[in-house]
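Below is one structure, written out as structure tokens, with a few remarks after it.
The values are calculated or read from the model by the stated rules, or taken from the named source; none is laboratory data. All values derive from a computational prediction rather than experimental measurement. Cβ sites come from the backbone with ideal geometry, for glycine too, and all protein chains shown count toward neighbours.
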Amino acid sequence: MLIRSWILILVLASGLPALGEVILLRDKATVTGKVLAEKKDQVVVDIGYTVLTIPRSQIAKIVPDDAARETPKNTRTQTRRDPPREPLPAVAAEGETQLFQGPRIGTAERSVRELVNQLGEAVVQVRTPGGLGSGFILNEEGYLITNFHVIEGETQISIEVYHMKNGQLDRRVYKQVRIVAMNKFQDLTLLKIDDRESPKFARVPLAEADALAVGERVFAIGSPLGLERTVTEGIVSTKTRLIQGELYLQTTAQINPGNSGGPLFNLHGEVVGVTNMKLAFGEGLGFAIPVEAVRYFLKHRDAFAYDNDNPSTPYRYLEPPSRLKSRFDQETSTNAATSGR
């Protein structure tokens, strides 16, 4: 069940008899039903004619129906006539810096053309002396995500951003870029633009992992072969493609060198994955890192923090010596000892 769907169902549910509990949402909306299961990250509710899965991040409180009837009358409930809400911040631990925005609540699907005009400003090109890739900005302060392999081994990183100014795109290059955190094994890097005169940046929200379905339409924005602001569209072929021990989203949206690190969007304008590779011998076989891996990386970024005084981070593991080489070294040492060398 998509997150957006239960917002519209609230109107229909308002006339049903009470089934046990009332769930008060953070945006003052309510859901009345019977709680079937309470998990760490979500609550499953039976509202009579269907079952809803509500993310914990959107729930303010769960109370018995009798107690909910005593709430003040001026408490407003979400209806279909309400305008689309502003993006809600993702729930963070106390004292944690807010790096990214969560999904937009109550927004309808829109065309790729509309979304590209809205989101394109937040998609950037990442350049290094060794090549280029793509990325996307998470918040107004200039934090952004790209792939680890885009900046691996590089110290000179620049970010090319297209700002909307007076109805036109203004290209600007930022060269004061800092590596904040990186995870080599999941191919993710968090960067920060530190230019003093940089403006407030446009940003894109991250989707909830469970809100994506196989067959859903998605589109990518990036710089394949250096062609900036290129848009490709497709569908989600599978959410669980296992490659070298990691799960990836597989998509028919065309992915090429230069797309690496760029966003894969759904039709609500939310990032569902980070494009990072394709099969060179086939067509329509692109892959993206799922958004749940991105969220985990950002929430635990201290564990992946990059130390500027230690260029060896993240750790690189040496290959173990082969059995053949060890035996050769042993025989060489024995022969040398016998001959007196």
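Is it true that S134 is without any contact (Cβ under 8 Å) to a residue 60 or more places away in the chain and either outside the structural domain of Q254 (by TED's automatic domain parsing) or buried (at least 18 other Cβ atoms within 10 Å of the Cβ) (or both)?
On the way: without any contact (Cβ under 8 Å) to a residue 60 or more places away in the chain: no; either outside the structural domain of Q254 (by TED's automatic domain parsing) or buried (at least 18 other Cβ atoms within 10 Å of the Cβ) (or both): yes.
Against the criterion (without any contact (Cβ under 8 Å) to a residue 60 or more places away in the chain and either outside the structural domain of Q254 (by TED's automatic domain parsing) or buried (at least 18 other Cβ atoms within 10 Å of the Cβ) (or both)), S134 does not qualify.
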### Query
Here are some conditions: (1) in contact with a Phe, Trp or Tyr (Cβ under 8 Å, 6 or more places away or on another chain); (2) at pLDDT 80 or above. E114 meets all but one. Which one does it not meet?
(1)
### Task
Return the only residue of S237, S223 being assigned by TED's automatic domain parsing to the domain that holds L279 and crowded, with 19+ Cβ neighbours inside 10 Å.
S223
### Message
over 19 Å from the mean Cα position of the chain (by Cα) and outside any loop (DSSP other than H, G, I, E, B): which single residue out of R110, R178 fits that description?
### Response
R178
### Query
Residues of region 181-194 being among the polar types (S, T, N, Q) and part of a loop (DSSP other than H, G, I, E, B), which ones?
Q186
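Can you tell me which of K165, K200, K184 is modelled with pLDDT under 95, out of contact with any strand residue (DSSP E or B) (no Cβ under 7 Å at 6 or more places or on another chain) and under 22 Å from P257 (Cα atoms)? Lay out the reasoning, then the answer.
Numbers: K165 fails: under 22 Å from P257 (Cα atoms); K200 fails: under 22 Å from P257 (Cα atoms).
On inspection, the qualifying residue turns out to be K184.
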### Task
Select from region 137-165 the residues that are surrounded by fewer than 22 Cβ atoms within 10 Å (Cβ to Cβ), in a strand (DSSP E or B) and in contact with a Pro (Cβ under 9 Å, 6 or more places away or on another chain) and list them in ascending order.
H163
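Every residue, every condition in (1) closer than 26 Å to T107 by Cα; (2) modelled with pLDDT under 95; (3) out of contact with any Gly (no Cβ under 8 Å at 6 or more places or on another chain), yes or no:
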{"position": "A220", "(1), (2), (3)": "yes, no, no"}
{"position": "L225", "(1), (2), (3)": "no, yes, no"}
{"position": "V236", "(1), (2), (3)": "yes, no, no"}
{"position": "L249", "(1), (2), (3)": "yes, no, no"}
{"position": "H268", "(1), (2), (3)": "yes, yes, yes"}
{"position": "V271", "(1), (2), (3)": "yes, no, yes"}
{"position": "T275", "(1), (2), (3)": "yes, no, no"}
{"position": "E283", "(1), (2), (3)": "no, yes, yes"}
{"position": "F287", "(1), (2), (3)": "no, no, yes"}
### Query
Do you know which residues across region 113-136 are assigned to a strand (DSSP E or B), under 16 Å from the mean Cα position of the chain (by Cα) and not polar (S, T, N, Q)?
V123, V124, G135, F136
### Task
Looking only at region 172-189, count how many residues are in contact with a Lys or Arg (Cβ under 6 Å, 6 or more places away or on another chain) and not charged (D, E, K, R).
2
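Take region 205-249 and flag every residue that is of a type outside the set (V, I, T), part of a strand (DSSP E or B) and more than 17 Å from F136 (Cα to Cα). Before the answer, list the steps.
Start the filter on region 205-249 by keeping residues that are of a type outside the set (V, I, T), which leaves 205-213, 215-217, 219-220, 222-229, 233-234, 237, 239, 241-242, 244-249.
Adding the requirement that they be part of a strand (DSSP E or B) leaves 206, 217, 219-220, 222, 233-234, 237, 239, 241-242, 246-249.
Scanning region 205-249 gives R217, E233, G234, S237, K239, R241, L242, E246, L247, Y248, L249.
Return a yes/no flag: does region 195-203 have any residue that is outside any loop (DSSP other than H, G, I, E, B) and over 18 Å from the mean Cα position of the chain (by Cα).
No, there is no match, as no residue in region 195-203 is outside any loop (DSSP other than H, G, I, E, B) and over 18 Å from the mean Cα position of the chain (by Cα).
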### Query
Take the residues of region 102-131 that are touching a residue at least 24 places away in the same chain (Cβ under 8 Å) and of a type in the set (D, E): which is farthest from A211 (Cα to Cα)?
E121
